Amino acid sequence: MKYQKKIIPLLLLLLLTGCQNRRMQDDKMNDQINVFDIKLFSDVDYKEINGVVATEEPCLRGYERSFDKLDVIIGYGFNHKIRKIMTRNSTTSMFGIKPGMTYEEGKQRILQAGFGVDTPPYTFRANKYSLTFLVNGKKAIFGLTLESLD
Amino acid sequence: MRIFYVFVVNAMLLVALVGCNSSGTSPKGLEVPIEKAAFKFADDVKDSGYKLVGTEELKKWLDEGRKMTIISTLPATDDKAFGTLPSSVNGAMPKTEKELTQADKDNILKAAGSDKEKTIVIYCGFVACRRSHIGAKILVENGFQNVYRYPGGITAWHEMSYPITK
């Protein structure tokens, strides 16, 4: 009881600082995502992008919307927040990596962005996110999948 | 103080229950998504070259000790979260053909092994999930002769309260 008045504000402060740090990390990460303005953890309910209507499929962790003509898939969690972005569209990029680049070039860029190798050779991880390169037989990246690990 | 703890425990239980979301072909039991999934499923199975096995039949096979390889095509993180069918191995597949890579193909062929005549059962999350279709098709294309797709997947297995490995 004696320390209660000191401990509670301290705990609240720690909690708020933690939330703030996480938000800053998310914002910093999202700034490097250039896929039709789609941002990870956003609750924007995308049903149509640039005139392309999505088809929806269920998944174990929520549901996915596929924009076939754009070569983009958005995965939502049950909380209706975006937990996955997949793109094969060469006009889009993540961390400066575009579909069409070589695997070696993409690897160099993702390591520079602060990611580390998670599941070799194509999945990289930083904080609570993973980025997987979709690589073809010629070792070229034909797509990118960014996912929340929460 | 005791009332406070009772209140906190009850509140946590309520949050946990509200937070629980069911998954499946139509978590809300709506007929239209089930119909859409049924059409897609029928299209996939047609001319695929693999066979189908249901939940109860597969359990019977396991109980009889039938020699087979069971492959989960879910991501390893989902296997960890939801558990797996007994004695299964992981051969994760993407949700769509668009995301399929050579590494995915190599991965499922490795999980299936070299005996092309043995029974292979391949599953994912639920009927509308296409990971198992993509995986089963790759095996058939590579000469595997007894490939079974188990459409109900981990959701149906859970529904029947059959044993899982965690």
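Just one of the numbered conditions (1) closer than 25 Å to A:N136 by Cβ; (2) out of contact with any Gly (no Cβ under 6 Å at 6 or more places or on another chain) is not true of A:G51: (1). Considering the range A:26-70, the residues that are among the aliphatic types (A, V, I, L, M), touching an Asp or Glu at 6+ places or on another chain (Cβ under 8 Å) and part of a loop (DSSP other than H, G, I, E, B) include one that is farthest from B:G153 (Cα to Cα), namely A:L40. How about the range B:56-98: which of its residues are aliphatic (A, V, I, L, M) and surrounded by fewer than 20 Cβ atoms within 10 Å (Cβ to Cβ)? B:L62, B:M68, B:A76, B:A81, B:V89, listed by residue number.
Rundown of residues vs (1) within 13 Å of chain A (Cβ to nearest Cβ); (2) assigned to a loop (DSSP other than H, G, I, E, B), yes/no style:
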| position | (1), (2) |
| --- | --- |
| B:D78 | yes, no |
| B:K105 | yes, no |
| B:H133 | yes, no |
| B:I138 | no, no |
| B:T155 | yes, no |
| B:H158 | yes, no |
| B:S161 | no, yes |
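Just to be sure before I move on: is B:K95 within 11 Å of chain A (Cβ to nearest Cβ) and either outside any loop (DSSP other than H, G, I, E, B) or basic (K, R) (or both) in the structure I sent? Answer is yes for this residue.
Is the range B:116-131 home to any residue that is assigned to a helix (DSSP H, G or I) and crowded, with 23+ Cβ neighbours inside 10 Å? Checked the range B:116-131: at least one residue is assigned to a helix (DSSP H, G or I) and crowded, with 23+ Cβ neighbours inside 10 Å. Only one of the listed residues (A:T119, A:T132) is in a loop (DSSP other than H, G, I, E, B) and either of a type in the set (S, T, N, Q) or touching a residue at least 12 places away in the same chain (Cβ under 8 Å) (or both). That residue is A:T119.
For B:V89, the criteria (1) at the interface with chain A (Cβ under 10 Å from one of its Cβ atoms); (2) free of Cβ contacts under 8 Å to residues at least 24 places away in the same chain; (3) touching a helix residue (DSSP H, G or I) at 6+ places or on another chain (Cβ under 9 Å) hold in every case but one, which is (1). For the range A:65-83, a tally of residues being at pLDDT below 95 and crowded, with 19+ Cβ neighbours inside 10 Å returns 0. Considering the range A:103-115, the residues that are without any contact (Cβ under 8 Å) to a residue 60 or more places away in the chain and within 15 Å of the chain's Cα centre (by Cα) include one that is farthest from the other protein chains (Cβ to nearest Cβ), namely A:G114.
The values are calculated or read from the model by the stated rules, or taken from the named source; none is laboratory data. In this text the structure is predicted, and so the values were computed from the model without any measurement. Cβ: placed from backbone, ideal geometry, glycine included. Neighbour counts: every protein chain shown.
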